[in-house]
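Structure first, commentary second.
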Amino acid sequence: MARDWYKLADQEVAAVCAALPADLRDCLAGLSITLEPRPVPDEQSEEGDDENLLGLFVGASFAEAADDLEPLPGAIRLYVENIRDETGDNVARFRQEVRDTLLHELGHYLGLDEDGLAARGL
């Protein structure tokens, strides 16, 4: 039987969000998290982004949304097929990579840049 990788990813997203402290969960109210197969070419916009991108944060960060300066709401896209490729279809590694990628992109939503994320191990 084929694994439902999207269902596994969805379960991990729900678990990560549920495990966040209440104040952080409240910050996620305007954020959408979607599961996509792979990025489309226009989503590969940052230096180093390519077709192997695992996740992407787009739109307004939490601080920008509070200021209403950014017209697009924040969104996180997780690229399930790329995560599968990265983890060699290993279920445990897949689940961990979904978690790690989601936390990394949540960090961007909360305003952290790559250096800030690296300092926090994300």
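The values are calculated or read from the model by the stated rules, or taken from the named source; none is laboratory data. All values derive from a computational prediction rather than experimental measurement. A quick note on method: Cβ atoms are made from the backbone with ideal geometry, for glycine too, and the neighbour counts reach across all protein chains shown. What goes into the accessible areas is simple: the full protein's heavy atoms, side chains included, and nothing from ligands, DNA or RNA. Shrake-Rupley method; radii C 1.70, N 1.55, O 1.52, S 1.80 Å.
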Residue-wise, which Karplus ³J(HN,Hα) couplings in Hz belong to the stretch 9-22, taking 6.51 cos²θ - 1.76 cosθ + 1.60, θ = phi - 60°, and x for glycine or proline? 4, 4, 4, 5, 4, 4, 5, 4, 4, 5, 7, 5, x, 3
Given the protein chains as shown and a 1.4 Å probe, how many square angstrom of Arg93 are accessible, to the nearest 10? 120
What figure in square angstrom, to the nearest 10, would you give for the accessible area of Phe62 with a 1.4 Å probe? 80
In the neighborhood of Leu20, defined by Cβ-to-Cβ distances under 12 Å, what is the net charge if each Lys or Arg adds +1 and each Asp or Glu adds -1? 0
